[in-house]
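The values are calculated or read from the model by the stated rules, or taken from the named source; none is laboratory data. Remember, it's a predicted structure, so these values are computed and weren't measured experimentally. Neighbour counts run over all protein chains shown; Cβ positions are idealised from the backbone, glycine included.
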Amino acid sequence: MHGICLFSTPFYRGSVVTSALSAPVRAILLDIEGTTTPLDFVYQVLFPYARSHAQEFVVRHGASPDVREDLNALREENLEDARRGLAPPALQNDEAAESLVAYVQWLIDHDRKSTPLKSLEGKIWEEGYKSGELRSQVFEDVPPALERWRELQQTVSIFSSGSVLAQKLLFGHSTAGDLTPYLSSYFDTTAGSKIDPGSYERIASALQSSTPEVVFISDMTSELDAAKAAGLQTLLCLRPGNRPQPVSNHPWIRSFAEVCWET
Ligand SMILES: [Mg+2]
């Protein structure tokens, strides 16, 4: 049985990670933004790309059934936002759907983790990745860690607010090459919110593991709190450019190189 351990390095300051994770680990679950991938790539490259290509994309693909499904769900969400008094851009009966695109851009600006928005963004990014205009970034310790974990026959999965399509595209078109062969499952907001413990219970069950057998690595303590409440083991990932997090008891790492196994 392999056990996961963390070793501390002289570079640690503050709440040094000293304790090994307590139970055998069957599955590693990774967040993307601020964990595998710089926040800057998401906020300075991906979101602006979706924002600026939304109009053209909706005009070209708005009639295709899967895009139409996203757009219809977004219309519903707009009504709900209006009902809640959030004053979203009002929808018109405009032929090129400019008002709906304005609403999409409003959602992007508010960093809304809306399932139909994420679904639409994934489809917009798909074109960018396929044309070579987009290429994703991962931190340099990520590819060697994925390689090492594969050698240890450790399954690695993703849980991100971005759609499963967007996740596969991101790992399939990275500057380090196609990393999808290292990943076994992908979970998005259709599994539930990242701050709902129930989401982590469902994911552990889908991974055919008990919750303590799954370790979740994320840059957000709110997500780690939910995972921990569900019984998962947690690691807070500190990366350059991440947002400051409240003080917490989650062990932390600065690199996936700090996650290792005892044999
Ligand atoms: Mg994150």
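Taking region 87-159 as the region of interest, none of the helices (runs of 4 or more DSSP H) fully inside it holds 3 or more residues being buried (at least 18 other Cβ atoms within 10 Å of the Cβ), among the basic types (K, R) and at pLDDT below 95. Of all residues in region 19-46, those satisfying the criterion of being part of a loop (DSSP other than H, G, I, E, B) and at pLDDT below 95 are S19, A20, L21, S22, A23, V25, R26.
When region 174-203 is filtered for residues that are out of contact with any Leu (no Cβ under 7 Å at 6 or more places or on another chain) and farther than 23 Å from P116 by Cβ, the ones remaining, listed by number, are S174, T175, A176, G177, D178, T180, P181, L183, S184, P197, E201.
Rundown of residues vs (1) polar (S, T, N, Q); (2) more than 20 Å from F41 (Cα to Cα), yes/no style:
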residue: Y129; (1), (2): no, no
residue: V142; (1), (2): no, no
residue: V164; (1), (2): no, no
residue: L170; (1), (2): no, no
residue: S174; (1), (2): yes, no
residue: T190; (1), (2): yes, yes
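Summed over region 40-68, the residues that are free of Cβ contacts under 8 Å to residues at least 12 places away in the same chain and either in contact with a helix residue (DSSP H, G or I) (Cβ under 8 Å, 6 or more places away or on another chain) or within 13 Å of K123 (Cβ to Cβ) (or both) give a count of 5.
Let's see how each residue does on (1) modelled with pLDDT under 95; (2) touching a helix residue (DSSP H, G or I) at 6+ places or on another chain (Cβ under 6 Å):
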| site | (1), (2) |
| --- | --- |
| Y200 | no, yes |
| Q208 | no, no |
| P212 | yes, no |
| A229 | no, yes |
| Q245 | no, yes |
| E258 | yes, no |
| W261 | yes, no |
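Is it the case that some residue within region 200-213 is among the acidic types (D, E) and in contact with a Lys or Arg (Cβ under 6 Å, 6 or more places away or on another chain)? Within region 200-213 (the criterion being among the acidic types (D, E) and in contact with a Lys or Arg (Cβ under 6 Å, 6 or more places away or on another chain)), the answer is yes, since at least one residue qualifies. For the residues A204, A176, the requirement of being more than 13 Å from the ligand (Cβ to nearest atom), modelled with pLDDT of 95 or more and crowded, with 22+ Cβ neighbours inside 10 Å singles out A204.
The single condition from (1) charged (D, E, K, R); (2) free of Cβ contacts under 8 Å to residues at least 12 places away in the same chain; (3) under 17 Å from L39 (Cβ atoms) that K113 fails is (2).
Consider region 217-233 and keep the residues that are more than 15 Å from the ligand (Cβ to nearest atom) and touching a Ser or Thr at 6+ places or on another chain (Cβ under 9 Å). The one that is nearest to R202 (Cα to Cα) is A230. The residues of region 234-258 that are within 15 Å of the ligand (Cβ to nearest atom) and β-branched (V, I, T), listed by number, are T234, I253.
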